[in-house]
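Only the coordinates and a few stated rules stand behind these numbers; no lab work does. In this text the structure is predicted, and so the values were computed from the model without any measurement. Quick reminder, even Gly has a Cβ in these numbers, built from the backbone with ideal geometry, and neighbours come from all protein chains shown.
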Amino acid sequence: MKPFFLLSALCAALVSCGSADRQAARYLDKARIAYEQGDYNAAKLHIDSIKTLYPKAYDTRREGNRLMQQVVLAEQQRSLLYLDSTLQVRLEELSKTSKQFVFEQDTAYEELGRYLHPKQVIEQNLGRSFLRFQTDERGIMTLTSIYCGGSNIHHTAVRVTAPDDSYAETPSSRDSYETTDLGTHIEKADYRLGQDGGVIEFIALNKDKNLRVTYLGERTYHTNMMPADREAAASVLSLSRLLSSIEEIKKQMQEARLKINFVQEKMKRETGK
């Protein structure tokens, strides 16, 4: 009886394996159809199902792996086309928008230039206490609090208050310095967007309101923001976001190219071509 039961078990195992292979093959067929239709997410899900449900369907799994490489390659190539199209739209928008700003760069010392609102260039604001806004070519925006007066206040932070007493306040600046010019004490402190306590966005949201600036240091100093300064905050913030989106698209395009190259090289190694 023992040989009989052994043979029966072996037959049952073979039938089970054959059934598993057939079921796995159905998933592979579904994956191929999804791939041909450009539904790459569905194709990947079907291929993953083969690995999960039928781990011993080795031949089908190998076919699935080869198909997965084609799916990933096609997916990244399509993504690259979309990103390139989006980049061209953003660059065209930048070409028009950037004309509204003053671009400054000392090529001897600076790798990147910066954009400023025309009303906030240094030459037009000598001796004035105000908040200046600028963004570099990668979209990194900076708020600089500039104080000019007869004596130092040693400020390291600023608070901006709206008429309804709502306000935003920067943390203590990590980049501040002081100097004098013909008896005038000049202090400057920088705050990068995202590390500014929400002051830049607060000004942009309230650009049509009378805003009061308080310089915080050993002594306090108060001044009202001019409409041009409030407008500068909003417009430079918008430009900063545009520049940042362009940098992000370029980053995603580079990642897509790296994935494409990786998959293509892997496919060459496996086929020996």
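If the segment from PHE103 to THR86 were pulled out straight at 0.36 nm per residue, it would be longer than the present Cα-Cα gap by 3.7 nm. One quarter of the surface of the convex hull around the alpha-carbon atoms of the chain equals 25.8 nm², the direction-averaged projected area.
State the answer as a single residue: which of PRO163, THR107, ILE140 lies farthest towards the positive end of the charge dipole of the chain, with beta carbon charges of +1 for Lys and Arg and -1 for Asp and Glu, about the Cα centre. The one lying farthest along the dipole's positive direction is ILE140.
Charge tally around ALA57: other residues with Cβ under 12 Å, Lys/Arg +1 each, Asp/Glu -1 each, net +3.
Placing dummy labels 7 Å off each Cα toward the beta-carbon, the span from GLN124 to ARG269 is 5.9 nm. By the helix-only formula, in which each DSSP H run with n ≥ 4 contributes -39500 (n - 2.57) and the sum is divided by residues, the chain has a 222 nm mean residue ellipticity of -18500 deg cm²/dmol. Summing Cβ point charges (Lys, Arg +1; Asp, Glu -1) relative to the Cα centre of segment 193-273 gives a dipole of roughly 520 debye. Here the dipole of the chain is about 1720 debye; that uses its Cα centre as origin and unit charges on the Cβ of Lys and Arg (positive) and Asp and Glu (negative). Were the residues from ARG66 through GLU110 laid out at 0.36 nm apart, the gain over their Cα-Cα distance would be 11.0 nm.
Can you give me the relative contact order of the chain as a percent, contacts being Cα pairs under 8 Å and 6 or more apart? It rounds to 17 percent for the chain.
May I ask which residue of SER85, GLY38, SER98 lies farthest towards the positive end of the charge dipole of segment 19-123, with charges of +1 (Lys, Arg) and -1 (Asp, Glu) on Cβ and the Cα centre as origin? After comparing all options, I get GLY38.
Applied to segment 28-45, the Karplus parametrisation 6.51 cos²θ - 1.76 cosθ + 1.60 on θ = phi - 60° returns per-residue 3J(HN,Hα) values of 5, 5, 4, 5, 5, 5, 4, 4, 5, 8, x, 8, 6, 5, 5, 4, 5, 5 Hz, with x for Gly and Pro. Here the 3J(HN,Hα) profile of segment 199-216, calculated from phi with Karplus coefficients 6.51, -1.76 and 1.60 at θ = phi - 60°, is 5, 4, 5, 4, 5, 4, 6, 10, 5, 8, 10, 6, 10, 10, 10, 10, 7, 10 Hz, Gly and Pro shown as x.
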